[in-house]
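Asker: Just passing along the structure, written as structure tokens.
The values are calculated or read from the model by the stated rules, or taken from the named source; none is laboratory data. No experiment lies behind these values; they were computed from the predicted model shown. Virtual Cβ from ideal backbone geometry, glycine too; neighbours counted across all protein chains shown. Just so you know, the surface numbers come from the protein's heavy atoms only, side chains and all, with ligands and any DNA or RNA stripped out. Shrake-Rupley method; radii C 1.70, N 1.55, O 1.52, S 1.80 Å.
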Amino acid sequence: MRKWLMSLIALASLAIGVLISSPAVHAATPNYTITTDTTFPPFEFQTDKGDYRGIDMDMLKEISKRENFTYKLKPMSFNAGVQAVQAGQVDGIVAGMSITDERKKMFDFGTPYYKSGIVMATTDKSKIKGLSDLKGKTVAAKTGSAGADYAREISKKYGFKITYFNDSNTMYNDVAIGNTVAAFEDQPVMAYAIKQGTKLKIVTDPAKGNWYGFGVKKGANTELLKKFNTGYAAIVKDGTYDKIVNRYLGKGSYNYKKNAADKVEKQTTIWSLFNENKSALFTGLVKTLELTLVGIVLAGIWGILLGILGVMPSKFARGLSTTIIYIFRGLPMLVLAFFIYIGIPNLTGQKIPAFTAGVITLILNEGAYIGAFVSGGFKSVDSGQLEAARSLGLPYGKAMRKVVMPQGIRLMIPSFINQFIITLKDTSILSAIGIIELTQTGTLIIARNLQGFRVWLMIAALYLIVITLLTWLSNWVEKRIK
Ligand code: GLN
């Protein structure tokens, strides 16, 4: 038992060490944290080298140079990004974000920098020629976007339904494969995607014309907004801004999809695709493992505590344990993650780094399951054992610690191994709060090369390999403990 305790303490210190030394925790070191969309070319997209480029990205970089500030970029879905700004989790958003009257109530925007409007796109051979052909059909829109608002506004009039997607690529793909008949998207973005080989065509004139702006939470980060505006004025004045726009939209401009497509030509096998992206995949995998290990160790400790509380003589302790387990086993993990990452900071105004929020989510969710099987394990030790120990004169606490618990813990080992594997899989949910773990890495790679089938196959295989290795390791440990 003592040895057990020592190894548990050692593991916990390691876990806390990783948590504290995690780069995400030091997100405050650069001056600002700025969010952007996962993929919204030509404004933002990840290149095959893993860096973020596009009009917004190049503009931000130039402005930061001129205005002497540094920033850490946190790409996430547009919708999560908007919420992250409101929660104070990030300082600003540059994501081809439309300045709308609705948003002006919650955001302060910088100088408008690009004029846009919303168009509808269908497949090349579609029979849908305009809005009036949409009756009874389903269209695609991006969650939280101005395009989605517009679609909702006119959906009654034209009698169509809407399906929502978190990123533009998945949305285009849905239309291309025929699940939905059309997509509502910003004109420059749709036109660019088509020019780069997306097999859709625009069938309406731009509607709801609006400008893009850099956004901060209303009343917050005035300094950053000022710097942005001053820097923006400077790059407009010296022609840098035009150069940036030309870089992506001018003649002979950078064709990121063609670049990727050329590479994809060469990537005829999964193996070559893997080779091309191995550094991104490796970084994603490491993040997944970090989350899993830190998560399971801390959740293990929390769960054991809950389990012990659940078998204490005190009614209050048992009630407390049951309530906590009830709440956190009942909440979907995604809701819990958003509640911690977006909800709590919204209330307290205190930032919680994504990695920390992810680990807390794992602790609460996995910990509840662990608590349940730990107290179940203790309860399943034959009650005669406790009675015998007590009749030998051992006080309750000692009888539990020396007689009941060691037997109970042995029964629980398979459940712990199971929970370990579940935790690893559950980390993929944390991609939603912008942690670039293995699943999010897959999304980013697909946004670039549109190789949906191969990339997801590869990601699935990676999860399976790691899970197999971890299962072997756990079985080995199990044998040694027994
Ligand atoms: N311009 C749109 C909006 O602000 C879409 C932005 C985006 O999807 N990144 O809602």
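Asker: Are there any pairs with C-beta distances below 8 angstrom linking a residue in the stretch 457-482 that is outside any helix (DSSP H, G or I) to a residue that is surrounded by 14 or more Cβ atoms within 10 Å (Cβ to Cβ), with the two at least 6 apart or on different chains, and if so which?
Answerer: Qualifying pairs under 8 Å: Lys482/Arg410; Lys482/Ile413.
Asker: Could you tell me which of the residues Val119, Val139, Val94, Val90 is in contact with a Pro (Cβ under 7 Å, 6 or more places away or on another chain) and open to solvent by less than 60 Å² (accessible area, probe 1.4 Å)?
Answerer: On the way: Val139 fails: in contact with a Pro (Cβ under 7 Å, 6 or more places away or on another chain); Val94 fails: in contact with a Pro (Cβ under 7 Å, 6 or more places away or on another chain); Val90 fails: in contact with a Pro (Cβ under 7 Å, 6 or more places away or on another chain).
It is Val119.
Asker: Which residues, counting only those in the stretch 58-86, are surrounded by 21 or more Cβ atoms within 10 Å (Cβ to Cβ) and either part of a loop (DSSP other than H, G, I, E, B) or near the ligand (Cβ under 10 Å from one of its atoms) (or both)?
Answerer: Passing the criteria: Ser77, Phe78, Gly81, Val82.
Asker: Right, something else. Would you confirm whether or not the stretch 124-133 contains a residue that is of a type in the set (Ser, Thr, Tyr), open to solvent by 20 Å² or more (accessible area, probe 1.4 Å) and not in a loop (DSSP other than H, G, I, E, B)?
Answerer: yes
Asker: Output the number of the condition that Ile435 fails; it satisfies all remaining conditions of (1) free of Cβ contacts under 8 Å to residues at least 24 places away in the same chain; (2) not in a helix (DSSP H, G or I).
Answerer: Of everything listed in (1) free of Cβ contacts under 8 Å to residues at least 24 places away in the same chain; (2) not in a helix (DSSP H, G or I), Ile435 misses just condition (1).
Asker: Residues Ile118, Ile99: which one is in contact with a helix residue (DSSP H, G or I) (Cβ under 6 Å, 6 or more places away or on another chain), within 16 Å of the ligand (Cβ to nearest atom) and not basic (Lys, Arg)? Walk me through it before giving the result.
Answerer: Numbers: Ile99 fails: in contact with a helix residue (DSSP H, G or I) (Cβ under 6 Å, 6 or more places away or on another chain).
Criteria check complete, one pass: Ile118.
Here's the yes/no breakdown for (1) exposed (fewer than 15 other Cβ atoms within 10 Å of the Cβ); (2) assigned to a helix (DSSP H, G or I):
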{"position": "Arg318", "(1), (2)": "no, yes"}
{"position": "Ile324", "(1), (2)": "no, yes"}
{"position": "Phe328", "(1), (2)": "no, yes"}
{"position": "Val335", "(1), (2)": "yes, yes"}
{"position": "Phe338", "(1), (2)": "no, yes"}
{"position": "Gly343", "(1), (2)": "no, yes"}
{"position": "Gln350", "(1), (2)": "yes, no"}
{"position": "Thr356", "(1), (2)": "no, yes"}
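Asker: May I pose another question? Can you give me the number of residues within the stretch 457-480 that are open to solvent by 30 Å² or more (accessible area, probe 1.4 Å) and either in contact with a Lys or Arg (Cβ under 8 Å, 6 or more places away or on another chain) or closer than 15 Å to Asn275 by Cα (or both)? So that I can check it myself, show each step before the final result.
Answerer: First pass over the stretch 457-480, keeping only residues open to solvent by 30 Å² or more (accessible area, probe 1.4 Å): 457, 460-461, 463-465, 468-469, 471-473, 475-480.
Those left that are additionally either in contact with a Lys or Arg (Cβ under 8 Å, 6 or more places away or on another chain) or closer than 15 Å to Asn275 by Cα (or both): 457, 461, 463.
The total comes to 3.
Asker: Among the candidates Glu290, Glu265, Glu276, single out the residue that is at pLDDT below 95 and buried (at least 17 other Cβ atoms within 10 Å of the Cβ). Let's see the steps before the verdict.
Answerer: On the way: Glu290 fails: at pLDDT below 95; Glu265 fails: buried (at least 17 other Cβ atoms within 10 Å of the Cβ).
Just a single option satisfies the conditions, and that option is Glu276.
Asker: Here is a follow-up. I need a count of the residues in the stretch 147-194 that are surrounded by fewer than 21 Cβ atoms within 10 Å (Cβ to Cβ) and acidic (Asp, Glu).
Answerer: So the answer is 3.
Asker: Restricting to the stretch 378-394, name every residue that is acidic (Asp, Glu) and not in a helix (DSSP H, G or I). First the steps, then the outcome.
Answerer: Our first condition is that a residue be acidic (Asp, Glu); within the stretch 378-394, this holds for 382, 387.
Result: Asp382, single match.
Asker: Further question on the same structure: Let me confirm something: among Gly197, Gly144, which residue is open to solvent by 20 Å² or more (accessible area, probe 1.4 Å), within 15 Å of the ligand (Cβ to nearest atom) and under 23 Å from Arg448 (Cβ atoms)? Full working, then the answer.
Answerer: Details: Gly197 fails: within 15 Å of the ligand (Cβ to nearest atom).
The conditions single out Gly144.
Asker: Within the bounds of the stretch 386-405, is there any residue that is open to solvent by less than 30 Å² (accessible area, probe 1.4 Å) and of a type in the set (Val, Ile, Thr)?
Answerer: Kept after step one, since they are open to solvent by less than 30 Å² (accessible area, probe 1.4 Å), are these residues of the stretch 386-405: 389, 399-400, 404-405.
Imposing the further condition that a residue be of a type in the set (Val, Ile, Thr) reduces the set to 404.
Checked against the condition, which is being open to solvent by less than 30 Å² (accessible area, probe 1.4 Å) and of a type in the set (Val, Ile, Thr), the stretch 386-405 yields at least one hit.
Asker: Considering only the stretch 361-385, state which residues are surrounded by fewer than 21 Cβ atoms within 10 Å (Cβ to Cβ) and of a type in the set (Val, Ile, Thr).
Answerer: Matches in the stretch 361-385: Val381 only.
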